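Note sheet for the following structure.
The values are calculated or read from the model by the stated rules, or taken from the named source; none is laboratory data. Values in this document were obtained by computation on a predicted structure and should not be read as measured data. No Cβ is skipped: glycine too gets one built from the backbone with ideal geometry, and neighbour counts run over all protein chains shown. For accessibility, only protein heavy atoms count, side chains too; no ligands or nucleic acids. Shrake-Rupley method; radii C 1.70, N 1.55, O 1.52, S 1.80 Å.
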Amino acid sequence: MQQMKFTINQHVFSKALSDVGKAVTPKSLIPILSGIKVIAEEDGIRLIGTNADIIIERFIPISETNNNEINIDQTGSAVVSARSFIELIRKLPEPIQVEVNNHQTIKVKSGDIFTQFNGFRAEEYPTLPMINQSNTIHIDAEDLIEAIKQTVFATAKNETRPVLTGIYFSLSGYKFTAVATDSQRLASKVKDVYTLGDASFIVPSSSVSELVKQISDYSGTVEIHSADGYILFKTDQVSLYSRLISGNYPNTSKLIPTEQKTTLFLNKESLVKGVDRACLFAGEWKNNNITLSIQEHKLCISSGSSEMGTIQELQEIKDLDGEAELKISIDGYFLMDALKTIKDEEIKIKFNGTMRPIVIESIHEKSSYLHLISPVRS
């Protein structure tokens, strides 16, 4: 452990510690991984937390706080137990002074409050993966968040096929694509990016879900790098490293129907509410079955159970292409998951028979998202 001394704004320090602490497992089998590494540098404070599968690094520059509320008296580093340290800092008045001596003792002072923590040897903390600077992908944070939200729900929840528990990201030309499937449904999102090249990687759903939380208030650009078996998502505020899932992702493009018998143009919000109501009566079925059909030139949404009863409602169809005959049963909650991620007021749903998947797309000619849901037997 190296000597270190600095003073910092309580609110800023507490928020950054909480962010980094999301990567820490309190009862890790490797004791030092239950800690957060605190590094005082000449231009700010760096915090690192990891559980080996995910690493979160947060840098607090001196310029980030008002009135020079970070003061670095001595640079150095220490590793301190995450849970108790985060809790203490959250409950202290400001400002906070942190001092470390050569005896692995971390002293924290706030006003007339004095505390001491036993620390770990900072040099024993894992080093960060080496970053591959070539072929960096740049993507707008809002676009990346939207791509994750519109796909992550479709990842597999069990480990039978590990590759399906993550999102498959691919870069081809100037297109960045996110795809997720659990073999019953599929979600994809395509965005334009500033980087030309080819790359692909599978990122665990837990990692991208945490990334969304970390950058939810950020409006700049996110850099994506490969890094020694990890993928790095980097902003000027936070860096998140995630271990990649190894294996070959299935060729999902073969699953998407190339033709359809019927295309319905529908109001998304009305459809969400109708499906939500139908799901109340669908719980008896293993797949939460609801039935979509066409009656009297309207969309009929229905479901039923022997215990509760039945529900049926008719909704206006904005437009219809193809055959006016349709009846299909699908998992209502799968349909809800897909619809809730869509911002368009109107959508189109393509049907190609009772036992063929339905496809949900934007009504716009160049749709950047696509959702596919396989039918269930009624």
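Among the residues examined, S77 does not qualify as under 25 Å from Y241 (Cβ atoms) and open to solvent by 20 Å² or more (accessible area, probe 1.4 Å).
Within segment 230-240, which residues are of a type in the set (V, I, T), assigned to a strand (DSSP E or B) and closer than 21 Å to I60 by Cα?
Of everything in segment 230-240, just one residue is of a type in the set (V, I, T), assigned to a strand (DSSP E or B) and closer than 21 Å to I60 by Cα, namely V238.
Put simply, of S362, S374, S368 the only residue that is open to solvent by less than 10 Å² (accessible area, probe 1.4 Å) and polar (S, T, N, Q) is S362.
Scanning segment 150-194 for residues that are among the β-branched types (V, I, T) and either under 17 Å from L335 (Cβ atoms) or touching a Gly at 6+ places or on another chain (Cβ under 8 Å) (or both) gives T151, V152, T155, V163, T181. The selection criterion, being part of a helix (DSSP H, G or I) and aromatic (F, W, Y), holds for F13. Filtering P31, P61 for residues that are closer than 15 Å to V79 by Cβ and either surrounded by 21 or more Cβ atoms within 10 Å (Cβ to Cβ) or of a type outside the set (F, W, Y) (or both) leaves a single hit, P31. Taking the criterion of being assigned to a helix (DSSP H, G or I) and either open to solvent by less than 20 Å² (accessible area, probe 1.4 Å) or of a type in the set (V, I, T) (or both), the residues of segment 241-299 that qualify are T252, L271, V272, G274, V275, A278, C279.
Of all residues in segment 351-378, those that are farther than 15 Å from T181 by Cβ and of a type in the set (F, W, Y) have Cβ atoms under 7 Å from Cβ atoms of residues that are open to solvent by 40 Å² or more (accessible area, probe 1.4 Å) and at pLDDT below 95, 6 or more apart or on another chain, in F351/Q260; F351/K261. Among the polar types (S, T, N, Q) and either part of a loop (DSSP other than H, G, I, E, B) or open to solvent by less than 20 Å² (accessible area, probe 1.4 Å) (or both), is that true of T115? So T115 does not fit the description; no. Of all residues assigned to segment 181-200, none qualifies as being in a helix (DSSP H, G or I) and either among the basic types (K, R) or within 17 Å of the chain's Cα centre (by Cα) (or both).
In segment 16-28, the residues that are in contact (Cβ under 8 Å) with a residue 40 or more places away in the chain reach residues that are assigned to a loop (DSSP other than H, G, I, E, B) with C-beta atoms within less than 7 angstrom, at least six apart or across chains, in these pairs: A23/N51; V24/N51. Among the residues examined, K109 qualifies as assigned to a strand (DSSP E or B) and not acidic (D, E).
Take S329 and decide whether it is surrounded by 19 or more Cβ atoms within 10 Å (Cβ to Cβ), out of contact with any Gly (no Cβ under 6 Å at 6 or more places or on another chain), modelled with pLDDT of 90 or more and not hydrophobic (A, V, I, L, M, F, W, C). Yes, satisfied.
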